[in-house]
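The values are calculated or read from the model by the stated rules, or taken from the named source; none is laboratory data. Only a predicted model underlies this, so the values are computations on that prediction, with no experimental measurement involved. Note: ideal-geometry Cβ built from the backbone for every residue, glycine included; neighbour counts use all protein chains shown. With ligands, DNA and RNA removed, areas are computed over all heavy atoms of the protein, side chains included. Shrake-Rupley method; radii C 1.70, N 1.55, O 1.52, S 1.80 Å.
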Amino acid sequence: MRKPTPERVHGVPSPTQLLKDGDASACVTRQYTGTAGKDTNCQAGVSLHLASDRASAVIDWRLFLPESWDPASPKADPAKVARRGPCGIPAEVGHVEKWQLALDMIDETRSWGIDVPLAVADGGYGDTAAFRLGLEERGLDYVVGISTTTTAQPEGARPHIPPYGGRGPRPQPGYPEPAQTVKKLVVEAGRQAAKPVQWREGSRPGSGRSGFKRMYSRFVALRIRPAGCEIRKACDGQELPVRWLLAEWPATEPEPVQFWLSSLPADTALATLVRTAKLRRIEHDYREMKQALGLAHFEGRTWRGWHHHVTLVSVAHAFCTLQRLTRSPKETAPA
């Protein structure tokens, strides 16, 4: 197995929540956390990971500042704003959406001379058209999760200009049919469009050469034109861009279960789309950092202290990852 090359290392932004009992720590607010499965007091951090097929490590962090902590926001909470001073939150730090924090970290990482050729993200980012447009403006390809309600036109759809009635402004180009949800497009393609793909080895014992069972499912890949007002505005009356729609449709399920949108080239192989979409090692990173390296154990309350803590945890995690790769026969065996 070849060692990871720069072309196979991707940038993966992801959020995580750190539970808090009180409300005095920097940027704590009541919000949903998957850790507890409900709304509760927590801090939300956004991290950027470099990931390959075999390993990943976090290289940048941002502490998410909720609107209630931003004195310039109409949703500002006076009690939380008053906590900014004791928490040492810089005056210039205001509320910024998580997807924008992810773009900022990508920019910072590239300013360090680290190439980030491809971004992979879950639906929390992929559903935001502004995030996808931001990646495209930076010349970055992406594979991002999306929800079933994301709308698009079929690849063959073309805009047309309705006849001018002679009064008022002339009509603008538009698509004759309304956009459909990505789920409907895949269902219309039919179960027969789903192809089997194996994308990586799992952790369960199997009969393969490595001794582990390979991950397997069925996938549909369609060429579509993502819709939405932000996309239409960015196109400025031109045709909507063509992108990949990838959907996982297991043989045991009556309908697709997961969807992704990708800007990878039209000749990208299905196996490459699937392998990239499934490159979600981030949950493993968080689990290791929280359970073994103390990410969730920080008891300080300051802005600087939080960033100091996550930086040290990230360095420790990177060290453990490098040690694991060095000792792994999968990485050192010949191709």
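Here are the numbers for this structure:
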{"quantity": "Calculated from backbone phi, Karplus (6.51, -1.76, 1.60) coupling profile of the range 311-319 in Hz, x at Gly/Pro", "calculated": "5, 5, 4, 5, 5, 5, 5, 4, 4"}
{"quantity": "For Met215, distant residues with modelled amide H under 5 Å away", "calculated": "Trp199, Arg200, Glu201, Gly202"}
{"quantity": "For the chain, accessible area per residue (1.4 Å probe, heavy atoms of protein chains only), Å²", "calculated": "52 Å²"}
{"quantity": "Percent accessible area from carbon and sulfur atoms, the chain, protein chains only, probe 1.4 Å", "calculated": "53 percent"}
{"quantity": "The range 274-313, Rg to Rh (Cα coordinates; Rh as Kirkwood inverse mean 1/r)", "calculated": "1.15"}
{"quantity": "Potential extension, Ala318-His297 segment - 0.36 nm per residue separation minus Cα distance", "calculated": "5.7 nm"}
{"quantity": "Estimated [θ] at 222 nm from DSSP helical runs (n ≥ 4, -39500 (n - 2.57)) normalised by residues in the chain, nearest 500", "calculated": "-8500 deg cm²/dmol"}
{"quantity": "The range 14-19 - phi-based ³J(HN,Hα) in whole Hz, Karplus 6.51/-1.76/1.60, Gly and Pro as x", "calculated": "7, x, 8, 10, 10, 5"}
{"quantity": "Assigned charges on the beta-carbon of Lys, Arg, Asp, Glu; the chain dipole about Cα centre (debye)", "calculated": "920 debye"}
{"quantity": "In sequence order, calculated HN-Hα J values of the range 111-124 (Karplus, 6.51, -1.76, 1.60; Hz; x Gly/Pro)", "calculated": "5, 7, x, 8, 6, 10, x, 8, 10, 10, 8, 8, x, x"}
{"quantity": "Long-range amide H partners of Val96 with built H, under 5 Å", "calculated": "Leu65"}
{"quantity": "Residue with peak Gaussian network fluctuation, the chain [Cα springs, cutoff 10 Å], from Thr252, Thr321, Thr29", "calculated": "Thr252"}
{"quantity": "Extension reserve of the Thr326-Arg158 stretch, reckoned as 0.36 nm per residue once the Cα distance is removed", "calculated": "55.2 nm"}
{"quantity": "Most fluctuating residue given options Ser52, Ser14, Ser73, as computed from a GNM of the chain linking Cα atoms under 10 Å", "calculated": "Ser73"}
{"quantity": "Distance between modelled label sites at Ala130 and Asp21, nm, 7 Å Cα→Cβ extension", "calculated": "3.8 nm"}
